[in-house]
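Chemist: Let me begin by handing over the structure; questions about it come next.
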């Protein structure tokens, strides 16, 4: 493919991403399947260009809007990104030949000329943090002067974290097997079952993966499963299990000795858990499709632990899914808050006296984390916080810099952003 054809493909893919709710990786995969003439170099260049738009989206949107264009138009954003470079590049890629994009019209030429003279240093604060303007106040109000650094960390590329499956190997054994596979990974800083690499790829080709020694899982999620403390003999519900990653980790942590039920509204997501469980040697995890607004009667007063990894804005995962920030709005965040409150209230019906709710969101926003827990405790005086140092131990809590609740950010911990709290029902 010519550079111009790659540019046209980038615009086409960005248009498709903006059109629906599918993750960018899925849109890219579909496009590549339908355009098999694109070689490995073409695919790499197109992917990099698409993700460059996500990671510099605030700058390009601000530039286009300042030039009186539509900031949500992928073609105009691509023109803007090139306009910050030498003009010859823009003219070469938009010359209308072959499979390249059509030439610039008069309005687009004027927009490019205007943007070429812009001083990006004069852009407002949300641009430096690559944050949508309408949700930037949520971060600046919460973090104050630290917002710029925290948002900058959320705009970096995430490392590759793996969970060692204790049912198949120790961390040292898994690390050695990975090395034999040609993959270098080192122990994570906080999680006792984590390894961190730097190279992304198809892990299914690694011998350590096929042997059930490892599973891809961010260190922050591994710490949440540690907070559940699924000891042998306990009854545990993973109430928003998705494809069951945390339920499988809980089973491994208990040595297959805890009784675990993985619940989700989507039966198809739960179906992905069974082959993973077989590879990992997990036993005793039962999947159960549940309604969105109530707990099944069979689980009333059943559990010693209820994990709620609640649906949320996903702001803590922006490093891994930078396209998510451009699909997030204040209204969406408010709607998630109402859903989170409902899930917490539902969890109380499933919990025995003395049991614990572990509430977690992969969000860095206090409105989805601490604020939801504070509101829950106000509604349910029969519950109280259990400080994470009482679960993880004071030494681990001190290393994390967390005392009461778990609050992780990429800037401070180099993990995904995560909030988690342990709530105990009084006996």
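Since every read-out is calculated from the coordinates, none of them should be taken as a lab result. Small disclaimer: the values here were computed from a predicted structure and weren't measured. Glycine also receives a Cβ, built like all others from the backbone with ideal geometry; neighbour counts cover every protein chain displayed.
Chemist: I'd like the FRET efficiency for residue 199 and residue 301, computed as 1/(1 + (r/R0)^6) with the beta carbon distance as r and R0 of 35 Å, rounded to 0.05.
Modeler: With R0 = 35 Å, the Cβ-Cβ based efficiency is 0.15.
Chemist: Please check: in the Gaussian network model of the chain (C-alpha springs, under 10 Å), which one of 204, 340, 257 has the largest mean-square fluctuation.
Modeler: In this elastic network of the chain, the residue with the biggest mean-square fluctuation among 204, 340, 257 is 204.
Chemist: Then there's this: Please give the contour-minus-distance gain from residue 88 to residue 119: 0.36 nm per residue of separation, less the Cα-Cα distance, rounded to one decimal in nm.
Modeler: Gain on stretching residue 88 to residue 119: 9.2 nm.
Chemist: Between residue 412 and residue 210, take the C-beta separation as r, use R0 = 35 Å, and let me know the FRET efficiency to the nearest 0.05.
Modeler: About 0.50, to the nearest 0.05.
Chemist: What is region 273-342 by shape, rounded, prolate or oblate, if you read a ≥ b ≥ c off the alpha carbon gyration tensor as root eigenvalues and call it rounded for a/c under 1.5, prolate for a/b larger than b/c, and oblate otherwise?
Modeler: Oblate is the answer for region 273-342, as a/c is 1.5 or above yet b/c matches or exceeds a/b.
Chemist: Could you tell me the ratio Rg/Rh of region 160-216? Both radii from Cα atoms, Rh via Kirkwood.
Modeler: For region 160-216, the value is 0.90.
Chemist: With the chain treated as a Gaussian network of Cα nodes joined by springs under 10 Å, which of 296, 275, 132 yields the largest mean-square fluctuation?
Modeler: 275
Chemist: How big is the gap, in Å, between the Cα center of region 277-347 and the Cα center of region 180-195?
Modeler: Computed from Cα coordinates, the inter-centre distance equals 27 Å.
Chemist: Could you pull out which residues in region 203-241 have an amide N less than 17 Å from a spot 7 Å beyond the Cα of residue 170, following the Cα-Cβ vector?
Modeler: 213-214
Chemist: Kindly provide the pair-distance distribution of the chain built from C-alpha pairs, with 20 Å bins from 0 and whole-percent values in order of increasing distance.
Modeler: 24, 52, 22, 2
Chemist: Antiparallel as a % of all DSSP beta bridges within the chain, to the nearest 5?
Modeler: 55
Chemist: Take the alpha carbon gyration tensor of region 191-254, find the square roots of its eigenvalues, order them as a ≥ b ≥ c, and report rounded if a/c is under 1.5; if not, report prolate when a/b exceeds b/c, else oblate.
Modeler: Prolate.
Chemist: Would you kindly calculate the mean projected area, averaged across all directions, of the convex hull enclosing the Cα atoms of region 1-145, in square nanometres?
Modeler: So the mean shadow area of the Cα hull is 9.5 nm².
Chemist: I'm a student and want to see the number: the projected area of the Cα convex hull of region 237-376, averaged over all directions, in nm².
Modeler: Mean projected area for region 237-376: 8.9 nm², to one decimal.
Chemist: State whether region 147-188 is rounded, prolate or oblate according to the following rule on the C-alpha gyration tensor (a ≥ b ≥ c being the square roots of its eigenvalues): a/c under 1.5 gives rounded; otherwise a/b larger than b/c gives prolate, and the remaining case gives oblate.
Modeler: Prolate, since a/c reaches 1.5 and a/b exceeds b/c.
Chemist: Mind telling me which of 92, 286, 75 comes out most flexible in a GNM of the chain, alpha-carbon contacts under 10 Å?
Modeler: 92
Chemist: Between residue 110 and residue 156, 0.36 nm times their residue separation minus their Cα-Cα distance comes to what?
Modeler: Length difference between fully extended and current span is 13.3 nm.
Chemist: I've got another one for you. Return the calculated 222 nm mean residue ellipticity for the chain, to the nearest 500 deg cm²/dmol, obtained by summing -39500 (n - 2.57) across DSSP H runs with n ≥ 4 and dividing by the residue count.
Modeler: -13000 deg cm²/dmol
Chemist: Hey, for a label at residue 70 modelled as a point 7 Å past Cα toward Cβ, could you say which residues of region 2-32 have their backbone N under 20 Å away?
Modeler: Correct set: 8-22.
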